[in-house]
Amino acid sequence: MFKRNWLTLTAAALSLTAITLPSTASAADVTLGLNSSLGLGCQVAGVRAGLRSDRIGLYGQGSFCSSNIQGQSGTASFGLGVSVDLFRTGNFTTYALAGLDTIRNNVAFQGGVGARYGLALVPVEAYFEAGVQRINTPLQAIIGPRVALGVNYRVNVENLQGSFPIPSEGSASSTQDAAPAACELTPESDRANARSAAISAANESISAALGAYSAVYSNVSFSVSAGEASVGGNRAQVSGSVTLSGTQNSNGQQVSGTYGGTINLVRSGCGWAATGYTRND
């Protein structure tokens with residue numbers, strides 16, 4: 001059997017809740033993160049909370065604003081913003097954003113583009129933003145560049161258009177709430193798509209996690225086995241297992257293990273997106 005640290009790796013890779021890019025009639029992301037901004041603004045470090053559904057995101061932000069003047073203390077800065085996802089390639093999502101901040105007694109408007117990087121089944125994402133900021137002062141407007149770095153923790157919430165029932169594990173049913181008619185999917189093909197999305201998410205997340213432990217284990221291999229998807233409206237579950245094997249670098253010992261669990265998904269257009277993983281005890 002695997003050592004405890006290998007089990008910890010597997011748990012860290014799979015048992016956290018996340019959501020990939022949603023689409024029409026899918027669940028939403030609630031995000032909470034930390035960031036740092038550089039530019040004409042004075043945000044040194046801040047916290048950001050937001051909500052994303054479909055391609056649209058809204059967020060609020062509170063930051064510490066340094067004065068950069070000897071003898072003057074910093075102040076708090078607050079802001080609001082909106083983002084629109086542009087396109088996605090691999091694990092990257094690009095977006096446009098606009099917003100405003102309070103900087104001491106002035107209001108600053110900002111606009112630009114950003115990029116997020118995140119893995120399916122892993123609830124942490126990193127982002128980078130670059131753009132232009134305009135600070136309105138009593139004398140004149142000041143325009144200059146703005147960049148920001150941050151990380152978000154993502155939490156999946158119920159569909160903003162209403163909740164849908166979750167079928168019991170092990171069932172293979174489909175309710176009348178199915179894919180949009182334009183998708184031209186049969187219940188069987190809909191379940192097959194959910195199963196394929198679950199396998200793809202598991203492979204992606206496990207590969208990323210194992211790569212991070214290359215100094216601890218070598219000659220690693222794994223296989224994912226998945227059962228039939230259980231579909232209920234705009235949500236689905238796929239139960240299965242992952243079998244891992246490898247060599248522990250510290251002593252050359254061969255280790256292996258099999259772990260079971262269930263992947264949860266939400267509908268994303270005509271397909272499915274993984275939202276999290278629950279391990280079997």
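Just so it is clear, none of the values below were taken in a lab; they were calculated from the coordinates. These numbers were taken from a predicted model, which means no experiment stands behind them. Using ideal geometry, Cβ is built from the backbone for each residue, glycine included, and neighbour counts are taken over all protein chains shown.
A few points about this structure:
- Relative packing of 255-268, 141-154, which averages over residues the other C-beta atoms within 10 Å, highest first: 255-268, 141-154
- Peptides 242-250, 271-279 ordered by average Cβ neighbours within 10 Å, highest first: 271-279, 242-250
- Taking the fewest neighbouring Cβ atoms within 10 Å as the starting point, the ordered list for S83, S189 is S189, S83.
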